[in-house]
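**Student:** Below you will find the structure I want to go over with you.
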Amino acid sequence: MPTHEQKSAQRAATLAIADGVLVRPRTCANRKYKILPFSCYGWCSRIQPHHEDYSRPLDVVWLCTSCHRRLHMQHRKEARKRQDAANVNQLRRYVESGDLSVDIISREADTPRGTIYNWLDGISIISPLASPRVDMFLRRAKRLAQVHAAERAQSLADGR
Ligand SMILES: [Zn+2]
Ligand SMILES: [Zn+2]
């Protein structure tokens, strides 16, 4: 899903190509300079401008469709990995602070406790976002943690 910044950078690059400010080369930059961690297998029939930084719309790397697609796939994978790590850290904070117990997470996310312990230990091969139930749970986990923290504070105030 292209963001607004992405779209306007692409539009600026397209205009610059039409105006002759940017010149589309005949060869994929990855084929020529081996700038990516994978080889170029593209036919280089269509070379596309790729932005590393959308705030610099005329600063482009020219890639064949194949390399371009692969590069974005890799970026998405890395973003997903970062998101998963952030989610696991979030769960860990909830559990360590006592705001949410593993039991509550297990019940609310409809996920076996063993799986949750594996996530917390960082040994799960399944990403936390791989399950739509867990994804849904993570969206409302903050609110849930607030409710449980408030309940806990209340029971402490009541002297249990
Ligand atoms: Zn290529
Ligand atoms: Zn790109």
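The values are calculated or read from the model by the stated rules, or taken from the named source; none is laboratory data. Just so we're clear, the structure is a prediction, and the values are computed from it rather than from any experiment. A quick note on method: Cβ atoms are made from the backbone with ideal geometry, for glycine too, and the neighbour counts reach across all protein chains shown.
**Student:** Among the residues of region 35-88, which ones are more than 16 Å from ligand 1 (Cβ to nearest atom), within 16 Å of R24 (Cα to Cα) and free of Cβ contacts under 8 Å to residues at least 24 places away in the same chain?
**Tutor:** Passing the criteria: only D59.
**Student:** Another question, then. Identify, by number, the condition in (1) in contact (Cβ under 8 Å) with a residue 12 or more places away in the chain; (2) within 10 Å of ligand 1 (Cβ to nearest atom); (3) among the basic types (K, R) that K32 doesn't meet.
**Tutor:** Only one criterion in (1) in contact (Cβ under 8 Å) with a residue 12 or more places away in the chain; (2) within 10 Å of ligand 1 (Cβ to nearest atom); (3) among the basic types (K, R) is unmet by K32, namely (1).
**Student:** Could I ask something else about it? Among the residues of region 60-72, are any assigned to a loop (DSSP other than H, G, I, E, B) and farther than 30 Å from Y117 by Cα?
**Tutor:** No, there is no match, as no residue in region 60-72 is assigned to a loop (DSSP other than H, G, I, E, B) and farther than 30 Å from Y117 by Cα.
**Student:** In the list L91, L100, which residue meets the criterion of being within 30 Å of R113 (Cβ to Cβ) and touching a His at 6+ places or on another chain (Cβ under 8 Å)?
**Tutor:** L100
**Student:** Go through region 51-77 residue by residue and tally those that are under 23 Å from the mean Cα position of the chain (by Cα) and either crowded, with 17+ Cβ neighbours inside 10 Å or away from ligand 2 (no atom under 12 Å from the Cβ) (or both).
**Tutor:** 14
Okay, residues lined up against (1) in contact with a Cys (Cβ under 7 Å, 6 or more places away or on another chain); (2) outside any helix (DSSP H, G or I); (3) modelled with pLDDT under 95; (4) not assigned by TED's automatic domain parsing to the domain that holds L138:
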| residue | (1), (2), (3), (4) |
| --- | --- |
| A13 | no, no, yes, yes |
| R56 | no, yes, yes, yes |
| E78 | no, no, yes, yes |
| Q83 | no, no, yes, yes |
| V88 | no, no, yes, yes |
| S106 | no, no, yes, no |
| D110 | no, yes, yes, no |
| N118 | no, no, yes, no |
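**Student:** Do we find that R24 is charged (D, E, K, R), within 16 Å of ligand 1 (Cβ to nearest atom) and surrounded by fewer than 17 Cβ atoms within 10 Å (Cβ to Cβ) in this structure?
**Tutor:** Criteria met by R24.
**Student:** Out of region 78-101, which residues are within 16 Å of ligand 2 (Cβ to nearest atom) and aliphatic (A, V, I, L, M)?
**Tutor:** Matches in region 78-101: A79 only.
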